[in-house]
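Structure, as structure tokens:
The values are calculated or read from the model by the stated rules, or taken from the named source; none is laboratory data. A quick note: this is a predicted structure, and the numbers were derived from the prediction, not measured. Cβ: placed from backbone, ideal geometry, glycine included. Neighbour counts: every protein chain shown. Surface accessibility is based on the protein's heavy atoms, side chains included, excluding ligands, DNA and RNA. Shrake-Rupley method; radii C 1.70, N 1.55, O 1.52, S 1.80 Å.
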Amino acid sequence: MAYDWISVTTDYGLRDGFVAACHGVIARLAPAVRVIDVTHEVPPQEIRHGAMALAQTVPFLPEAVHVAVVDPGVGTARLGVVVVAESGLLVGPDNGLLLPAAQALGGVRAAYELAEPSLRLPVTSATFHGRDVFAPAAAHLALGVAPSDFGPPVDDLVELPEPFVAAFPGKLVSEVLTVDHFGNVQLAATPADLGLSGLSGAVTVHSERVAVSTVIGRTFADVPAGASVLYTDSAGRLAVAVNGGSAAAVLGLGPAQECTITASPTAT
């Protein structure tokens, strides 16, 4: 099956030429295929952040080959893989980055190691598999090369550990999944977890550094400028925002840190 689209997600940033090199390899091999950049601003080496960014985006993209590169283990024994999902293909390192997106695309049907030398660049850098292995693989897949032509099946893909969430009466503890461009803090917890805690109305959000009075609301304007709100974000996760500011800066929270929500002392 051929694809008209390739999406690209990386932690490369835009200061250097890394993204352009990957685009160039795709364009040379599959010039008619169109490319969508999901993001290149994943925090360096933050695999879970990249996995969440991709998984929360792919349901809204056309059926495609999705390349993702957040790869602190590049050049080691970790495998490069193509994952066949129900509604698309995913290419990248076997480090847990691809599986959440595969689940968002209907689940994993098969996976294969990127082992065939003729389907990568002739000279392969030990530190730039995005350009030399993953981008060529995506281009060949978009042109209709079968995933099974790349190498042997991979039956045991690496999975990221489940993010920590614990709900108690009057208390919800959650790992931070991501922090977006606006400083909104996305939690692993969902509204269902909040329901289990029994919390409603006014709450207090705690980090290791500070405790902030917060309102459970629907959108940013539910609180005055500079105040914080706990809401359900567009991915269906609980998130903390500051209207007109950065919740991450106010709370001192970042990915993989722990956030605790309790009833406000003033709640009635």
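For the range 119-129, indicate whether the set of residues that are open to solvent by 30 Å² or more (accessible area, probe 1.4 Å), touching a His at 6+ places or on another chain (Cβ under 9 Å) and not in a helix (DSSP H, G or I) is non-empty. The answer is yes; a qualifying residue exists. Where strands (runs of 3 or more DSSP E) fall wholly inside the range 157-268, the ranges with 2 or more residues that are hydroxyl-bearing (S, T, Y) and over 25 Å from the mean Cα position of the chain (by Cα) are 211-216. The residues of the range 192-235 that are hydroxyl-bearing (S, T, Y) and open to solvent by 60 Å² or more (accessible area, probe 1.4 Å), listed by number, are S200, S213, T232, S234.
Among residues of the range 205-230 that are closer than 15 Å to L187 by Cβ, those with a beta-carbon under 7 Å from a residue that is in a helix (DSSP H, G or I) at least six positions away or on a different chain give the pairs V205/L251; S207/L251; V212/V250; V212/L251; S228/A247; S228/V250; V229/F220; V229/D222.
Considering the range 137-150, and only residues there that are part of a loop (DSSP other than H, G, I, E, B) and out of contact with any helix residue (DSSP H, G or I) (no Cβ under 9 Å at 6 or more places or on another chain), the residue that is nearest to V84 (Cα to Cα) turns out to be A146. With respect to the conditions (1) over 18 Å from V250 (Cβ atoms); (2) touching a strand residue (DSSP E or B) at 6+ places or on another chain (Cβ under 9 Å); (3) at pLDDT 95 or above, V185 lacks only one, and its number is (1). Residues considered: V81, V38, V65. Of these, the only one that is among the aliphatic types (A, V, I, L, M) and closer than 25 Å to Q186 by Cβ is V38. Of all residues in the range 57-84, those satisfying the criterion of being over 20 Å from V133 (Cα atoms) and touching a strand residue (DSSP E or B) at 6+ places or on another chain (Cβ under 9 Å) are T57, V58, L61, P62, E63. Scanning the range 205-249 for residues that are within 21 Å of M52 (Cβ to Cβ), out of contact with any strand residue (DSSP E or B) (no Cβ under 8 Å at 6 or more places or on another chain) and of a type in the set (K, R) yields no hits at all.
A residue that is in contact with a Gly (Cβ under 6 Å, 6 or more places away or on another chain), within 22 Å of F168 (Cα to Cα) and in contact (Cβ under 8 Å) with a residue 60 or more places away in the chain occurs nowhere in the range 239-247.
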